[in-house]
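Read through the structure below, which is laid out as structure tokens, and then see the notes.
Only the coordinates and a few stated rules stand behind these numbers; no lab work does. Just so we're clear, the structure is a prediction, and the values are computed from it rather than from any experiment. Neighbour counts run over all protein chains shown; Cβ positions are idealised from the backbone, glycine included.
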Amino acid sequence: MQTRQRREQVLMVLKERRRVTIEGLAKDLEVSTMTIRRDLRRLADEDIVTLVHGGAVYNEGGAYLPALTVREKTMRREKSAIAEYCAQQIPEGSAVYLDNGSTTVEIADALRGKQNIAVLSHSLPVLNILSHAKNIQLISVSGIYEPRAKGFFGDLALRMLRQFRIDIAFLGVTAVDAEDGVMSAVFYEQALKKVLVERAKKKILAIDHTKIGGSSFLKVCDLHEIDGIVTDKFADATFIAKAKRMGIEVAQV
């Protein structure tokens, strides 16, 4: 089978199933998993699919957010490990909030096999991934759609979010620093994250090490307001030590 024909078949399967696994596609098309990985990576570069752990999700209704696409292409192994760990920490019966961001998209993928939890999110990729999860109650936080963040924001989203009791919120951030706290880069994200910090019983930063020690101009909260941090093994040791002294639970995976 020629490359062009195979990729057309891959795309046809994606449009039909909306979500595919690398192993499943390789078996269906009788090619290697490496070949399927290359095909899916090419489709992701063209903003046709979103790569998730072990497969891909078809981008319904148009191109995927360029800024988020770039983030998804970095630190994939670390983000996948962070996501798997986060998913394992969620007790049955929990109400979980997934912020927008490339790592929370990975968490959504890791949650698909979970039983008896509710997941709330304003992130379109998160909602797409979990839309067919049979044992998860999925709640969409609506608002004004922001293409760059691939999510819903604004006053409507904030009012809706304030109606919920959230057990665990997994936050994505632009940067975090021991002194300057948790930071965001845009006003509409900052506003929503502030409400999440207010409403969630447990606030967890799910971040790779590149977010630590950075800076941005919009503050979300002080670091001591965060309950937990899940990051990778390359995180700055000084920051980790300061976070632990604040009583924050830190997991490096």
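Which of I212, I22, I139, I144 comes first, and how do the rest follow, when ranked by fewest Cβ neighbours within 10 Å?
So the residues, fewest neighbours to most, are I144, I139, I22, I212.
With unit charges on the beta carbon (Lys/Arg positive, Asp/Glu negative), name the residue among M160, A251, F187 whose Cα is farthest towards the positive pole of the charge dipole of the range 70-252.
Towards the positive end, the residue furthest out is M160.
Which lysines, if any, have their Cα less than 28 Å from the Cα of K201, not counting same-chain residues under 8 positions apart?
Answer for K201, where 28 Å is the Cα cut-off: K79, K114, K134, K150, K193, K211, K219, K233, K242, K244, listed by chain and number.
Counting only DSSP beta bridges with both residues in the chain, tell me the antiparallel percent, nearest 5.
40
Give the percent of DSSP beta bridges with both residues in the range 139-231 that are antiparallel, rounded to the nearest 5.
50
Straight-line reach only, C-alpha to C-alpha below 12 angstrom: list the aspartates and glutamates that K194 could link to, leaving out same-chain residues fewer than 8 apart.
D99, D222, E225
Within 10 Å of each residue's Cβ, count the other Cβ atoms and sort L124, L158 from fewest upward.
L158, L124
Out of the trypsin sites (Lys or Arg not before Pro) in the range 138-179, which ones are loop residues according to DSSP with at most 16 other C-beta atoms within 10 Å?
R148, R162, R165
Taking the Cβ-Cβ separation of A241 and S215 as r and a Förster radius of 22 Å, what is the calculated FRET efficiency to the nearest 0.05?
So the FRET efficiency works out to roughly 0.65.
Dipole magnitude of the chain about its Cα centre, charges +1 at Lys/Arg Cβ and -1 at Asp/Glu Cβ only, in debye to the nearest 20?
Computed charge dipole of the chain: roughly 360 debye.
Taking only Cα atoms of the range 70-252, what ratio of Rg to Rh do you get with Rh as the Kirkwood inverse-distance radius?
Here the Rg-to-Rh quotient is 0.93.
How many percent of the alpha carbon pairs in the range 87-174 exceed a separation of 17 Å?
The proportion of pairs with Cα distances above 17 Å equals 42 percent.
In what sequence do S121, S142 fall when counting other Cβ within 10 Å, fewest first?
Ranked by crowding around the Cβ, least crowded first: S142, S121.
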